[in-house]
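Asker: Following this message is one structure expressed as structure tokens.
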Amino acid sequence: MELLLRIVPLVDDRTAIVACGVCCGWRDAICFGLTQLSLSWCRKNMNNLVLSLAPKFTRLQTLILRQEYPQLEDNAVEAIANFCHDIQELDLSKSFKLSDHSLYALARGCPNITKLNISGCTSFSDGALEYLTNFCQKLKILNLCGCVKAATDRALQAIGRNCKMLQSLNLGWCDNVGDIGVMSLAYGCPDLKCLDLCGCVRIT
């Protein structure tokens, strides 16, 4: 077991997943030792893969699920929230199929998130984002680029109230953002160092 735990960090993510199927000893060692995982290489069936892996890889802290073609659905994110409570960094960019249910699940199951990328997730609402910030108050890096419905003044007011540790926020092409939201960030997020407002045409 100790030897396998030393080997796990040295192999790529795809090899680690394949190795889980060799025997229960390998599976247990890999599941216990793996804290970072990227499935961005998965061109098809990423949703089913996440559903299968989430109950096993419960110690994950970093999970990259960036997609070229939208595959992830709400049930996969709900599985992550149900089993992977140690998640600190999560990339769900370009997950066009996800709905507000995913943000509600993350809020309840992954309160320790510090870095969240939901850029291009166009179906999320500002109400769901507000709900998320009520629970995930350790956020330091948040990417909302292209989240037109989620990134509104209402959502930014919630971020200003709840995310006092925020250091970086990407609001690129979020054209529902106005002066009220930006002022809320200025007053509420004292550690904010990087703010992308490219394409935010309503700001005066």
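The values are calculated or read from the model by the stated rules, or taken from the named source; none is laboratory data. Predicted model only: the values in this text are computed from it and were never measured. Methodologically, a virtual Cβ is constructed for each residue, glycine included, from the backbone with ideal geometry; neighbour enumeration extends over all protein chains shown.
Asker: Which of the residues spanning the stretch 180-198 are closer than 20 Å to Ser125 by Cβ and surrounded by fewer than 18 Cβ atoms within 10 Å (Cβ to Cβ)?
Answerer: Ile180
Asker: Just one of (1) without any contact (Cβ under 8 Å) to a residue 24 or more places away in the chain; (2) crowded, with 22+ Cβ neighbours inside 10 Å trips up Leu169, so point out which.
Answerer: With (1) without any contact (Cβ under 8 Å) to a residue 24 or more places away in the chain; (2) crowded, with 22+ Cβ neighbours inside 10 Å applied to Leu169, the lone miss is (1).
Asker: State which residue is nearest to Gly172 (Cα to Cα) when the search covers only the stretch 60-94 and only residues that are acidic (Asp, Glu) and touching a strand residue (DSSP E or B) at 6+ places or on another chain (Cβ under 6 Å).
Answerer: Step one: filter the stretch 60-94 for residues acidic (Asp, Glu), giving 68, 73-74, 78, 86, 89, 91.
Filter once more, so that each one left must be touching a strand residue (DSSP E or B) at 6+ places or on another chain (Cβ under 6 Å): 89, 91.
On the way: Glu89: 20, Asp91: 17 Å.
Within the stretch 60-94, the match that is nearest to Gly172 (Cα to Cα) is Asp91.
Asker: Please enumerate the residues belonging to the stretch 68-102 that are more than 14 Å from the chain's Cα centre (by Cα) and either closer than 20 Å to Asp126 by Cα or free of Cβ contacts under 8 Å to residues at least 24 places away in the same chain (or both).
Answerer: Lys97
Asker: May I ask you to say which residue of Ala19, Ala79 is at pLDDT 95 or above, surrounded by fewer than 21 Cβ atoms within 10 Å (Cβ to Cβ) and not aromatic (Phe, Trp, Tyr)?
Answerer: Working: Ala19 fails: at pLDDT 95 or above.
Step by step, each of Ala19, Ala79 is checked, and only Ala79 is at pLDDT 95 or above, surrounded by fewer than 21 Cβ atoms within 10 Å (Cβ to Cβ) and not aromatic (Phe, Trp, Tyr).
Okay, residues lined up against (1) of a type in the set (A, V, I, L, M, F, W, C); (2) surrounded by 20 or more Cβ atoms within 10 Å (Cβ to Cβ):
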| site | (1), (2) |
| --- | --- |
| Leu116 | yes, yes |
| Ser119 | no, yes |
| Ala128 | yes, yes |
| Gly178 | no, no |
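Asker: Please go through the stretch 123-144 and give me each residue that is touching an Asp or Glu at 6+ places or on another chain (Cβ under 7 Å) and of a type in the set (A, V, I, L, M, F, W, C), ordered by number.
Answerer: Within the stretch 123-144, Phe124, Ala128 meet the criteria.
Asker: Consider only pairs whose beta carbons are under 6 Å apart and that are at least six residues apart or on different chains; among these, list those whose first residue lies in the stretch 137-152 and is without any contact (Cβ under 8 Å) to a residue 24 or more places away in the chain and whose second residue is in a strand (DSSP E or B).
Answerer: none
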